[in-house]
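None of the figures in this text is laboratory data; all of them are computed from the coordinates on show. Keep in mind the model is a prediction, meaning the values are calculated, not measured. Neighbour counts run over all protein chains shown; Cβ positions are idealised from the backbone, glycine included.
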Amino acid sequence: MPPWKPSSRANRMMLHYHLRGRAFPTQAYWDRLYQMLEEEAEKRGKTPPPPPLVFDVEREVTDEDKTQRLREQVAWADRNNLLHRVQMFFEAMPASGWERSED
């Protein structure tokens, strides 16, 4: 998978949530986010967003892996003019819909 570099706008949005102690959505909200992005990609005839992380028996998925995948999905949304939709989705999420960041 190619590395996706987020724009400064996408980085600022991610920093906004990180500073509030929010690392990445809980699985239920993340599934909804991915479904929304995937539906938008299909409607617009775009390549799909980075897929959800698949749990592997050989290697445990870390919080760092999850944070990186969220960054990739946000960068994808930004490149496809959907950053505002992700922002609205995040704003509508309750605090309980986020996994807390440790730092």
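What's the longest uninterrupted piece of the chain once you rule out the GluC sites (Glu not before Pro) that are loop residues per DSSP with at most 14 other Cβ within 10 Å?
On the way: sites that count: 58, 60, 102.
Of all site-free stretches, the longest is 1-57.
So what's the back-of-envelope 222 nm ellipticity for the chain, counting only DSSP H runs of four-plus at -39500 (n - 2.57) apiece and dividing by all residues, rounded to 500?
Details: 4 runs with 57 residues, N = 103.
One gets -18000 deg cm²/dmol as the mean residue ellipticity at 222 nm.
Starting from the Cα coordinates of the chain, work out the convex hull volume and express it per residue in Å³. Intermediate results must be reported in sequence, preceding the final value.
Working: hull volume 11.2 nm³, N = 103.
It comes to 109 Å³ per residue, whole-number rounded.
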task = Search the structure for amide H atoms under 5 Å from the amide H of residue 98, placed 1.01 Å from N in the peptide plane, and list their residues when 5 or more places away or on another chain.
result = 26
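Just to confirm a number: summing +1 for Lys and Arg and -1 for Asp and Glu over residues other than residue 9 whose beta-carbon lies under 14 angstrom from that of residue 9, what do you get? Walk me through the numbers on the way to the answer.
Details: positive: 5, 12, 71, 79, 85; negative: 78.
After counting each charged neighbour, the total is +4.
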key: Sequence-distant residues sharing a close amide H with residue 22 (under 5 Å, placed H)   = 101
ask   = For residue 22, what is the net charge nearby, where nearby means another residue's Cβ is under 10 Å from its Cβ and Lys, Arg count +1, Asp, Glu -1?
value = +1
key: Computed lengthening from residue 88 to residue 31, 0.36 nm per intervening residue step minus Cα-Cα distance   = 18.9 nm
message = Test of the criteria: in the range 54-92, which trypsin sites (Lys or Arg not before Pro) are in a DSSP loop and have at most 15 other Cβ atoms within 10 angstrom of their Cβ?
response = 59
